[in-house]
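Structure first, then comments.
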Amino acid sequence: MADVEASVRDLVERDRDCTEKALAQMNLRRKINLLIGEWKAAGGGNVLPDVRDRVRLRSLKKAADPVRAIARR
């Protein structure tokens, strides 16, 4: 979804038509809202991570797995 948002932003900044990308972005947001609704209906009550939490968790995961980091080089 971040890629679609960046694409829309880029098109707007260049004063281009972003209709298709913006509609795709709204569709993705609609799907996410439906998934969250289903999750809550199924008993999900935990606080969902936001972007800052995800970035922090990603960096912790990389630091915890040095073998994988070395294998990527």
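Could you give the accessible area per residue of the stretch 1-47, probe 1.4 Å, as a whole number in Å²?
Here the per-residue accessible area is 85 Å².
Computed with every protein chain present, the accessible area of Asp3 is close to 130 Å² [probe 1.4 Å].
The values are calculated or read from the model by the stated rules, or taken from the named source; none is laboratory data. Note that the structure is a prediction, hence the values are computed from the model and not measured. Accessible surface is based on the protein model in full, side chains and every heavy atom, while ligands, DNA and RNA are left aside. Shrake-Rupley method; radii C 1.70, N 1.55, O 1.52, S 1.80 Å.
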